[in-house]
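**Q** What follows is a single structure, and I will ask about it in a moment.
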Ligand code: BGC
């Protein structure tokens, strides 16, 4: 039996725009309408109305923590106008967690921003910091009793996208090329099948460290607001690439990893925790990220099946943050094969247990994700522990939900 520390948080994570539906005031909604190759989030999986059912499924399975995000564009649809009704909605989600004995883990900003914010310079506007801090201040009014708050989700991924967009504007007159998704053909049982793949390779090659430093400053200011106004532990969540050097790629690895990650792990020094989010591992050679080689075990987003990436990421986060408490705030796999999901998660958790044995302070594991959901422009990649019929919104738990719930109840792997 592999045991986890007493009080370990076991849960699943979600994000507002990916599950709620009809976030018409968000920048992503606008992007979905205007960018070639994007599918619409539409009703998503209607978790805005069905959050009680979703939290019930999580709690009934044996999980104890629910990570979800506040949707800034609902709360502040027009600059300076804060919707009391939407704040009350998210308070109801928090209260429902309490009523089910579930620990709410609240992300204040998960990728989306209001349209008015994005269309007036977004994070590059000189007003960005004050605008975000004003929202954070309002958000703290509903956080009574919440123990865990992340200011931002994957600012490093947001910075990589901003860096790529800037490069495109310079080289292609701003033309969007839908570069995160490539159509690919795979053989499955002898039949050719077209699948959509997100290759993090060329497009999200690097991130400008200057953007990272600006995010760190915003995060620290937000952290102090949360600390002053609530009793929550506060940190942020970082996308971990578990990058390794191919022969001759050592220098390039250091350079890419600094802008894409290490600025952020360093920026988490002084936080109460850091959220580690790992899915796969990737090599870097002298030219940059090496595309994941084709393999039958590759995921629906084209990444390699690398459950060991979680332990690699946790060790790296611990080292660069100089010992900030770790919560795994995302880890999972895009697959249509739920046995592969269980196989992946089991191996990832065994690796995580090793890091705890080595003395790393890991306090929780939140699986990405509770429900099959809107994967940022695409519906095909299914990461969920629960399948959802998008016409009827009927939820059908997969075996992996029950499996993870049993792990949680035992607080260990047999
Ligand atoms: C994000 C999620 C996303 C997941 C799978 C993370 O980058 O925080 O919103 O759905 O990875 O790609």
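**Q** Pick from 374, 383: which is within 12 Å of the ligand (Cβ to nearest atom), more than 19 Å from residue 240 (Cα to Cα) and crowded, with 21+ Cβ neighbours inside 10 Å?
**A** The match here is 374.
**Q** Within the bounds of region 389-405, is there any residue that is assigned to a loop (DSSP other than H, G, I, E, B) and either crowded, with 24+ Cβ neighbours inside 10 Å or within 11 Å of the ligand (Cβ to nearest atom) (or both)?
**A** no
Quick grid of which residues meet (1) part of a loop (DSSP other than H, G, I, E, B); (2) within 16 Å of the ligand (Cβ to nearest atom); (3) under 27 Å from residue 398 (Cβ atoms):
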| residue | (1), (2), (3) |
| --- | --- |
| 307 | yes, yes, yes |
| 313 | no, yes, yes |
| 319 | no, no, no |
| 323 | yes, no, no |
| 328 | no, yes, yes |
| 335 | yes, yes, yes |
| 342 | no, no, yes |
| 349 | no, no, yes |
| 352 | no, no, yes |
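**Q** I'm trying to understand the selection: among the residues of region 262-288, which are farther than 15 Å from residue 310 by Cβ and in a loop (DSSP other than H, G, I, E, B)?
**A** Initially, region 262-288 is screened for residues farther than 15 Å from residue 310 by Cβ, giving 262-273, 283-288.
Scanning region 262-288 gives 268, 269, 270, 271, 272, 273, 286, 287.
**Q** Now for a separate question. Would a scan of region 84-95 turn up a residue that is away from the ligand (no atom under 16 Å from the Cβ), touching a helix residue (DSSP H, G or I) at 6+ places or on another chain (Cβ under 7 Å), closer than 29 Å to residue 274 by Cβ and assigned to a strand (DSSP E or B)?
**A** No, because not a single residue in region 84-95 is away from the ligand (no atom under 16 Å from the Cβ), touching a helix residue (DSSP H, G or I) at 6+ places or on another chain (Cβ under 7 Å), closer than 29 Å to residue 274 by Cβ and assigned to a strand (DSSP E or B).
**Q** Can I ask one more? Identify all residues within region 12-41 that are surrounded by 14 or more Cβ atoms within 10 Å (Cβ to Cβ), away from the ligand (no atom under 15 Å from the Cβ) and modelled with pLDDT of 95 or more; write none if there are none. Give the derivation first.
**A** To start, the set of residues in region 12-41 that are surrounded by 14 or more Cβ atoms within 10 Å (Cβ to Cβ) comprises 12-23, 25-32, 37-39, 41.
Adding the requirement that they be away from the ligand (no atom under 15 Å from the Cβ) leaves 21-22, 25, 29-30, 37.
Those that are surrounded by 14 or more Cβ atoms within 10 Å (Cβ to Cβ), away from the ligand (no atom under 15 Å from the Cβ) and modelled with pLDDT of 95 or more: 21, 22, 25, 29, 30.
**Q** Turning to a different aspect of this structure: Can you tell me which residues in region 100-126 are over 25 Å from residue 33 (Cβ atoms) and in a loop (DSSP other than H, G, I, E, B)?
**A** Answer for region 100-126, where residues must be over 25 Å from residue 33 (Cβ atoms) and in a loop (DSSP other than H, G, I, E, B): 100, 101, 102, 108, 126.
**Q** While we're looking at this one, here's another question. Answer yes or no: is there a residue in region 279-297 that is away from the ligand (no atom under 16 Å from the Cβ) and under 17 Å from residue 325 (Cα atoms).
**A** Checked region 279-297: no residue is away from the ligand (no atom under 16 Å from the Cβ) and under 17 Å from residue 325 (Cα atoms).
**Q** Based on this model, can you work out whether residue 69 counts as more than 28 Å from residue 353 (Cα to Cα), crowded, with 24+ Cβ neighbours inside 10 Å and within 16 Å of the ligand (Cβ to nearest atom)?
**A** When the stated conditions are applied, residue 69 does not pass them.
The values are calculated or read from the model by the stated rules, or taken from the named source; none is laboratory data. Because the structure is predicted, anything quoted here is derived from the model rather than measured. Glycine also receives a Cβ, built like all others from the backbone with ideal geometry; neighbour counts cover every protein chain displayed.
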